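*Asks:* Got a structure for you, questions after.
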Amino acid sequence: MRYHSLILGLLAFISLLPPTQAQSRRRLNPNVQPLPTTGAPLPVMMAPQPHLLESITMSSSLMNRGIRYSIYLPPDYYVSNRRYPVVYLLHGYSDDETGWTQFGEADRLLDEGIKAGTLPPMIVVMPDGGVTWYMNDYLNKTRYEDMFVKEFIPHIDSTYRTRTKRNYRGISGLSMGGHGALLLAMHHPDLFGSCAALSAAVFTDESVKNMPEDQYNRTFSFLFSGPVKGDERLTAHYKRNSPLTLAASAPEGDLKKVRWYVDCGDDDLLSSANAQLHMTLNSRTIPHEYRVRDGAHTWTYWRTGLPTALQFIAAQFHQ
């Protein structure tokens, strides 16, 4: 009896509570029906996907090893089915595929540019080039350029939703990567619509001939000639892979296929060679943009220069 009285009291108390919102709506409009319950699971929202993937490995038969790369995917990549233009962004000497994001903050600069509308959504690929200078060596044992063209670009195009026409593909880089960007675009104007070289490590014949022996042997001998001195360093292989020589000797029609951007600081030891590159292109009436800003061979210079370089490349994507 005691429990019976408690239950009756509780029911009476509940009857005095104000009606719920749904009950009120039904009293005002008796045609309103409650939502049916089906027992189906509630929809689950997919968590945001990372759009910076670091140190992925592609197996290369030409290099006989794995090639690491990092890749930036635009923020809407996982929620769309569209294809995107692509930029290959090359690191400097002794760095690796993480340099542009670790020190250059490339992913942050891309996020900010895309959000602000100063850059279109794009894919940016940052491969590990070791100290290959992005070229084949004179003995054809280290075939980085061949790998890049024959294996790496096809791998990126088949793995990610890229636009594969040349006007939607650009290349850029700093220092050794600036050399690589110029070299690959000059050798393969059918692959790249634009090239932006930041503080490109280009060298005159005189600087190569007079380079201290230990520096030349450590940095270039395995690429160009073996451990030789003076004029012996200026081999046919060296000339074929010198952006300064190519700027003077490559067919004008090939050079004019690519949009060129050269940027080097006024306090950079490479500034005179970059100025010579500019003058050589000018002498052959090859259209290009040339920038000299206040700065040296530093990450501060490259971080501040990257957004403009990418905007230059992206202008091609709209044509």
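The values are calculated or read from the model by the stated rules, or taken from the named source; none is laboratory data. These numbers were taken from a predicted model, which means no experiment stands behind them. Note: ideal-geometry Cβ built from the backbone for every residue, glycine included; neighbour counts use all protein chains shown. Areas reflect the complete protein model, heavy atoms only, side chains present, ligands, DNA and RNA absent. Shrake-Rupley method; radii C 1.70, N 1.55, O 1.52, S 1.80 Å.
*Asks:* Among the residues of the range 106-128, are any touching a residue at least 24 places away in the same chain (Cβ under 8 Å), out of contact with any Pro (no Cβ under 8 Å at 6 or more places or on another chain), crowded, with 19+ Cβ neighbours inside 10 Å and farther than 22 Å from Phe312 by Cα?
*Replies:* yes
*Asks:* For residues that are open to solvent by less than 10 Å² (accessible area, probe 1.4 Å) and either farther than 20 Å from Asp267 by Cβ or touching a Phe, Trp or Tyr at 6+ places or on another chain (Cβ under 6 Å) (or both), tally how many sit in the range 190-207.
*Replies:* Of the residues in that region, 6 qualify.
*Asks:* Moving on to the next point. For the range 291-301, which residues satisfy the criterion of being outside any loop (DSSP other than H, G, I, E, B) and either open to solvent by less than 60 Å² (accessible area, probe 1.4 Å) or hydrophobic (A, V, I, L, M, F, W, C) (or both)? So that I can check it myself, show each step before the final result.
*Replies:* Within the range 291-301, the first condition is being outside any loop (DSSP other than H, G, I, E, B), and the residues that meet it are 291, 299-301.
Those that are outside any loop (DSSP other than H, G, I, E, B) and either open to solvent by less than 60 Å² (accessible area, probe 1.4 Å) or hydrophobic (A, V, I, L, M, F, W, C) (or both): Trp299, Tyr301.
*Asks:* Here's a follow-up. Return the total of residues in the range 129-156 being assigned to a helix (DSSP H, G or I), of a type outside the set (A, V, I, L, M, F, W, C) and touching a residue at least 60 places away in the same chain (Cβ under 8 Å).
*Replies:* Residues that pass the stated criteria total 5.
*Asks:* Going through the range 138-168 one residue at a time, which ones are open to solvent by less than 10 Å² (accessible area, probe 1.4 Å) and more than 18 Å from Asp128 (Cβ to Cβ)?
*Replies:* Listed by number, the list holds a single entry, Thr162.
*Asks:* Name the residues in the range 169-189 that are assigned to a loop (DSSP other than H, G, I, E, B) and either closer than 13 Å to Lys257 by Cβ or open to solvent by less than 10 Å² (accessible area, probe 1.4 Å) (or both), would you?
*Replies:* Passing the criteria: His188, Pro189.
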